[in-house]
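Worksheet: one structure, shown below.
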Amino acid sequence: MATAEVQFRLGEYLEVAASDGEPRFRCAKCGHDLGPASGNYKEHALRRVAPLEEAGPLVGDPSRFIDDRMEIRQFFCPGCVTQLDTEINRAGEPIIWDIELH
Amino acid sequence: MTASIAETSWDGVGRSYIPDHEIRISPAVALHRETAEDVDPISYEVIRHNLWNINEEHGSTIVKVSGSPIAVFAHDFNPSILTEDGEFVFFGPYLQFHAGMLDLNVKWTLENRSEHPGIRDGDMFFANDPWVGTTHQQDAAMMCPVFWEGRIFCWVANLLHFADVGGGTPGSFCPEANDVFEEPVPTPPLRMVENGEIRPDLEAQFLRRSRLPELCALDLRAVVAGNTVAKNRILALVERYGPGVVKGVMRRVISAGEERFVRRLERLPDGVWRDVNFLEVAKTGDRRAYKIALEVRKEGDRLIFSNRGTDPQTGAINITYAALRGGIMCPINAFFLHDSLYAIGGALRHIDIEPEPGTITCADYPAACSNGGSTGVHIVIGLAVNVLAKMLACDTKMARSFCCQGGATQWPGATMSGKDRRGNDFGAFLLDPMAGAIGAFSFRDGVDVGGLWFDAKGTAPNVEHNEWASPALFLYRREKPDSGGAGKFRGGNSLELAWVPHKTDVIMQTTTACGCAIPTARGLFGGLAGSPNRYDYVEGSDVQERLRGGTVPQDLDELRGRRRELLPKETGIAQTVHDVYQLAISGAAGYGDPIDRDPEAVARDLAAGLVTPETARRFYGVVVDAAGHVDEEATAHRREEIREERRASAERPS
């Protein structure tokens, strides 16, 4: 594995490190590689999809009011299973590409 | 007809008004442009703070003259000083999303009213047209040109939420509307004040729309008085220091804010940050969710925002360009300009918005917009918070500038009307969501019932005020455990309250909310969402028997009766003295993985009743013993169990 120099920290659990000259995301806790900084790190994370009611202790069944199927998506580091990010999204919608670095 | 109107340009008629960089002003109006370039530092500071204080006095005048709780408590307004051609010099520390609007109204007036009817000393222009520049029709702008020796030296202006400006529903939030023709009438800028006097013909025309004409008449005088005070103070300043010097200070205030904003952008990498959230129930009877998207692209010293990907305009949840821009400006002002005395004009020089027209967040005429102030603009604020927070997180110093989403991320409207205890008509819009929570920071917990961070001077009224303003008896108002989003740093808890009619037979209730099915305060970096809004109702309860027996119910479960949830947009609810109405206001979002939270912090939250034992175990993985102390071994075991659950239930990347 090539040595990587940390360029900057990005929030609680991500950092951008240059590996062989290419900036890449990695987990700031365990150093696990999460893909190129120009891509979506979530594509390189573990992903759990669950009913919306699991988004919090006071979140109820959304079918009380709406017919759309909503879900919570949790993204974990494949190395240390830290929860890197969560999404509340409609079933079938693409993963949100939340950070794209140039 | 609608289609042909919508095909026109961004002129504030068929499509929202977006001025060109250089606005077209008739030569019939002369502008004062001379600027002293060599203002000494002492004079600069003295005049700069004078201008700031003038704007503050403008705001406090509105509060003092208006009798409306919306002005007095919620501070749902903002005063501004703008240059002769409509660039912000000072904005006020009141409701921040008006930052996207007042300059638009002034520029539209300059472009469209300079020739006919003309702009003269002593005039003020009134507008509540969302396509020109308001959140919704309830928000009305009053713009006052300040003349010096026959030329417009600058403008003072304000935007205030009026209590009722007509439409099909008391309070003017119209959840059943299909288009603007079923809502309050939008008014493009018109000359409401001539020679310093309110025109009685136009005032009568305006008040005739309202269910609360006396309150609206007071509000009208409040906004005129605010402008008049600010205008007179600025003229005194010009008299004392000379027009060139005062104008020089105004220019420098803007450029200093611009430099500070650009210096902060320089610390951040270029890139694109995106987020998506959902509104729900576009109008009464609807059962769908609607996607709202926002992205920000940073290119050097510019931020370019776009709402592309947002669903087409629909129902009664739309906003126009002005509110999209205003929602974006809330976190810009708070996260980037917190130390700039709200001098936002310089930052705006570096912000572009590329709106997708015909969408929920940039709706074309004649979309229904009256609920925009409680739905559309709040969803944009939250999205702008998240995209900017993830940008700011790229710099360790600036990562301390943001907070997660909070502060009634969807305002749960509860509008009451009927006869009060004296038999008079009354109308009240519950302002308790002003006590909503503040989201977590990157270094500490959010603030329980901390209020709306984007309305820094706003407050929630006390319960006694509520009971004075409406014939209701409030059973309780309290913090709601578990309502703050879980995280390494917990989102602030919000509140719940319940009431029954008192000394009246019935109160007519209307709900206008999103964020009941889908939580809208989204967590950051692994943090979880705050709780959703919730309207609970017990029909035909035994509450009156209990009150007569000397007990005030403290939980809906104590009551007999038929329990149901009210719909997010429901009208015609006739609440009798036997019906108990409980409103829970959305909580704020958490930051970071909940199982990274210090177990001792969870134990403190448990002891204070801020989280429940089940939430501590399920979401935080923390177990305490009977004495309330952290059981370290059980906690370590539970957290490892959560990690195993994650490994077992998650899909591996392909």
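What number in nm² do you get for segment B:445-584 if you take the convex hull of its Cα atoms and divide its surface by four?
Over every viewing direction, the Cα hull of segment B:445-584 projects on average to 9.4 nm².
Any idea how far the Cα center of segment B:295-349 sits from the one of segment B:525-546, in Å?
For segment B:295-349 versus segment B:525-546, the Cα centre distance is 33 Å.
If you take each beta carbon of peptide B:642-649 and count the beta carbons of other chains within 10 angstrom, what is the mean?
4
Which pairs in the list B:298/B:480; A:29/B:298; B:247/B:457; B:480/B:569 are over 30 Å apart, alpha-carbon to alpha-carbon?
B:298/B:480
Could you work out the Rg to Rh ratio of segment A:4-90, with Rh taken as the Kirkwood radius (inverse of the mean 1/r over all Cα pairs)?
My calculation of the ratio gives 1.11.
Under 5 Å between amide H atoms, partner at least 5 residues away or on a different chain: which partners does residue B:313 have, H built in plane at 1.01 Å?
B:359, B:360
Considering only B:574, B:19, B:172, whose Cα is most displaced toward the positive end of the charge dipole of chain B, charges sitting on Cβ of Lys, Arg (+1) and Asp, Glu (-1)?
Highest projection toward the positive end goes to B:574.
About its Cα centre, what dipole magnitude does segment B:20-260 give when the only charges are +1 on Lys and Arg Cβ and -1 on Asp and Glu Cβ, stated in debye to the nearest 20?
So the dipole magnitude of segment B:20-260 works out to roughly 460 debye.
Is it possible to state the helix-based mean residue ellipticity at 222 nm for chain B, with each DSSP H run of 4+ residues giving -39500 (n - 2.57), the sum divided by total residues, to the nearest 500 deg cm²/dmol? What is it?
-9000 deg cm²/dmol
So what are the three principal axis dimensions of segment B:503-629 from its Cα atoms, in whole Å, longest to shortest?
For segment B:503-629, the Cα spread along each principal axis is 52, 35, 21 Å.
Rank the residues B:70, B:198 as a footprinting-exposure proxy: fewest other Cβ atoms within 10 Å of their Cβ go first.
Exposure proxy ranking, most exposed first: B:198, B:70.
Please work out the C-alpha center-to-center distance from segment B:562-616 to segment B:77-119 and express it in whole Å.
Cα centroid of segment B:562-616 versus Cα centroid of segment B:77-119: 40 Å apart.
What ratio of Cα Rg to 2.2 N^0.38 Å holds for segment B:1-152?
For segment B:1-152, the normalised Cα radius of gyration comes out at 1.14.
Take each of the peptides A:49-58, B:89-98, average the number of other beta-carbon atoms within 10 Å over its residues, and list them starting from the highest.
B:89-98, A:49-58
Just to verify a number: FRET efficiency for residue B:260 and residue B:625, C-beta to C-beta distance, R0 = 56 Å, to 0.05?
0.65
Restricted to Cα positions, what overall size does segment B:20-260 have along the principal axes? Three whole-Å values, descending.
Dimensions of segment B:20-260 along the principal axes of its Cα atoms: 57, 38, 33 Å.
Starting from the alpha-carbon convex hull of segment B:63-165, give the projected area averaged over all orientations, in nm².
Reported value for the Cα convex hull: 6.6 nm².
Quick one: grab the alpha carbon gyration tensor of the protein assembly as shown, order the square roots of its eigenvalues as a ≥ b ≥ c, and give me rounded if a/c is under 1.5, else prolate or oblate depending on whether a/b is larger than b/c.
Taking the square roots of the gyration eigenvalues as a ≥ b ≥ c, the protein assembly as shown is oblate.
From the mean inverse distance of alpha carbon pairs (Kirkwood) and the Cα radius of gyration, derive Rg over Rh for chain B.
Rg/Rh for chain B comes to 0.98.
Cα gyration tensor of segment B:575-654, axes a ≥ b ≥ c as square roots of the eigenvalues: rounded (a/c below 1.5), prolate (a/b > b/c) or oblate?
Cα axes put segment B:575-654 in the oblate bin.
Rank B:68, B:58, B:47 by how far each Cα sits towards the positive end of the charge dipole of segment B:35-86 (+1 on Lys, Arg Cβ; -1 on Asp, Glu Cβ) and give me just the farthest.
Ranked along the dipole, the leading option is B:68.
Report the Rg/Rh value for segment B:307-432, based on alpha-carbon coordinates and the Kirkwood definition of Rh.
1.07
In Å, what is the Rg of the alpha-carbon atoms in segment B:346-491, and how long is Dmax?
Cα radius of gyration and Dmax of segment B:346-491 are 18.8, 60 Å respectively.
Can you put B:330, A:27, B:404 in order, fewest other beta carbons within 10 Å first?
Final ranking by Cβ density, sparse to dense: A:27, B:330, B:404.
Could you compute the net charge surrounding residue B:553? Neighbours are other residues with a C-beta less than 15 Å from the C-beta of residue B:553; K and R count +1, D and E count -1.
Its environment carries a net charge of -3.
Arrange the following residues from fewest to most other Cβ atoms within 10 Å of their Cβ: B:593, B:598, B:76.
Ordered from fewest to most neighbouring Cβ atoms within 10 Å, B:593, B:598, B:76 come out as B:598, B:76, B:593.
Dipole size in debye (nearest 20) for segment A:4-90 around its Cα centre, Lys and Arg Cβ +1, Asp and Glu Cβ -1?
80 debye
Could you tell me the largest-minus-smallest coordinate of the C-alpha atoms of segment B:186-226 on each of the three principal axes, in descending order and whole angstroms?
Result for segment B:186-226: principal-axis Cα extents of 28, 20, 16 Å.
Once you sort the root eigenvalues of the Cα gyration tensor of segment B:227-331 as a ≥ b ≥ c, which label holds: rounded (a/c under 1.5), prolate (a/b larger than b/c) or oblate (the other case)?
oblate
Which far-off residues, 5 or more places away or on another chain, put their amide H under 5 Å from the one on residue A:19, with H placed in the peptide plane?
Counting only residues 5 or more places away or on other chains, the set is A:24.
Where nothing but the Cβ of Lys and Arg (+1) and of Asp and Glu (-1) is charged, how large is the charge dipole of segment B:208-309 around its Cα centre, in debye to the nearest 20?
Dipole of segment B:208-309, to the nearest 20 debye: 260 debye.
Which semi-axis lengths, in whole Å and largest first, follow from the square roots of five times the eigenvalues of the Cα gyration tensor of segment B:102-231?
Rounded to whole Å, the semi-axes are 26, 15, 12.
Bear in mind that the values in this text are calculations on the coordinates, not laboratory data. Predicted model only: the values in this text are computed from it and were never measured. Positions of Cβ are backbone-derived with ideal geometry, glycine not excepted, and every protein chain shown enters the neighbour counts.
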